[in-house]
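The values are calculated or read from the model by the stated rules, or taken from the named source; none is laboratory data. The structure displayed is predicted, hence computed values, not measured ones. Here the Cβ positions follow ideal geometry from the backbone for every residue, glycine too, while neighbour counts run over all protein chains shown. Just so you know, the surface numbers come from the protein's heavy atoms only, side chains and all, with ligands and any DNA or RNA stripped out. Shrake-Rupley method; radii C 1.70, N 1.55, O 1.52, S 1.80 Å.
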Amino acid sequence: MCGRNSLFIDQADLEARFDAEVVADGGYTPRYNIAPGDDLHIITNEASDEIDTYHWGLIPFWADEPEEGIINARSETADEKRVFERAWESRPCLVPSSGFYEWKSPNGGSKQPYRIFREDDPAFAMAGLWDVWEDDETISCVTILTTEPNDLMNSIHDRMPVVLPKDTESDWLAADPDTRKELCQPYPKDDLDAYEISTRVNNPGNDDPQVIEPLDHEQSGLGEFSS
């Protein structure tokens with residue numbers, strides 16, 4: 001799954017990386033600890049040259065009241081779920097990230113948080129679906145798609161977000177649903193890395209550079225995560 005995100009690249013670098021301009025109300029503020037219910041910066045298929053903010057949690061269209069919503073969707077079955085039907089068919093998006101967080105419980109003990117990032121890229125894109133909930137108010141909302149873990153993530157968690165290789169990001173936004181489903185694979189390259197961080201990340205109120213500091217020393221490679 002993906003239950004916490006970060007995006008702290010400089011705005012100019014973010015816009016250059018995705019060839020898009022920040023248009024969000026309130027502009028752009030670097031975030032080190034983005035929690036469900038917060039706003040995520042995203043790029044939609046309908047405005048691929050704009051970076052806007054959407055509520056993290058896709059609110060079911062039948063909901064009578066706004067709610068936190070569904071933060072993750074299983075890519076293997078999203079096309080079968082009524083709640084994602086409209087979004088899966090025609091509303092893909094990119095969710096930029098400087099790194100996401102996941103928790104591991106070694107031998108059933110207390111959960112240890114990890115930061116997962118891409119070594120060669122200060123911001124990468126996760127695959128998402130967006131929608132709009134409408135009643136007395138209108139809320140643009142987003143969910144992040146997940147898939148089976150790759151070798152790195154397998155030692156930490158049994159799911160991971162769909163991290164898109166850079167050369168498939170535009171395909172994700174433009175392709176038909178069948179082609180997009182083929183893109184929902186465990187991240188295939190070996191430039192993802194991970195290291196232990198402190199439990200400061202557990203509190204969404206801690207939103208500062210200290211969150212990403214290595215717990216002891218930066219760890220990389222699958223063998224170092226084995227219990």
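Coordinate range of the alpha-carbon atoms in the chain per principal axis, descending: 48, 36, 36 Å. Taking the charge dipole of the chain about its Cα centre, with +1 at Lys and Arg Cβ atoms and -1 at Asp and Glu Cβ atoms, the residue from P165, N107, S75 reaching farthest to the positive side is N107. Per-residue extension of 0.36 nm, minus the Cα-Cα distance of K104 and Q11, leaves a gain of 30.3 nm for this segment. What the phi angles of region 139-148 give under the Karplus curve with 6.51, -1.76 and 1.60, with θ = phi - 60°, is a coupling list of 10, 7, 9, 8, 10, 9, 7, 10, 8, 5 Hz, glycine and proline written as x.
The share of accessible area on the chain that comes from carbon and sulfur is 41 percent, using a 1.4 angstrom probe.
The sum of -39500 (n - 2.57) across all DSSP H runs of n ≥ 4, divided by the residue count of the chain, sets its helix-only mean residue ellipticity at 222 nm to -3000 deg cm²/dmol.
Within straight cross-link reach of K81, meaning Cα distance under 22 Å, which lysines are found once same-chain residues fewer than 8 apart are removed? Qualifying lysines at Cα under 22 Å: K181.
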